[in-house]
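K.L.:
Could you have a look at this structure, given as structure tokens, before my questions?
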Amino acid sequence: MLDVRLPIGWLFLVLGVMLAAYGYANPPAESLLLGQVSLPLNLDVPWGILMALFGLAMVSLAQMDKLKVLEAQLQESKTASPASSSDAN
């Protein structure tokens, strides 16, 4: 069965990288006025990085879960092997 974290993780990872790259390539046209200080604000870059980090976390969690399942299957096969070999003798 497909773990839903894997496709969602890849989606957020790819879109986050694309959004961050777009933010770096296109500087903001306007500045944010905070009091009398003008700050150049481009929200694409931090949100792209956050989306990419979330996607990376989802993909990593899905891969770790897959490894745990494979490890459990390996342990089951190891515990089943000595019993079947002792029955053969």
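The values are calculated or read from the model by the stated rules, or taken from the named source; none is laboratory data. Since the structure is predicted, the reported quantities are computational estimates derived from the model, not experimental observations. No Cβ is skipped: glycine too gets one built from the backbone with ideal geometry, and neighbour counts run over all protein chains shown.
K.L.:
Looking at the stretch 61-72, which of its residues are loosely packed, with under 14 Cβ neighbours inside 10 Å and either hydrophobic (A, V, I, L, M, F, W, C) or modelled with pLDDT of 95 or more (or both)?
P.N.:
Selection gives Met64, Leu67, Val69, Leu70, Ala72.
Okay, residues lined up against (1) modelled with pLDDT under 90; (2) over 26 Å from Arg5 (Cβ atoms); (3) loosely packed, with under 10 Cβ neighbours inside 10 Å:
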position	(1), (2), (3)
Leu15	no, no, no
Gln36	yes, yes, yes
Pro46	no, no, no
Val59	no, no, no
Leu74	yes, no, no
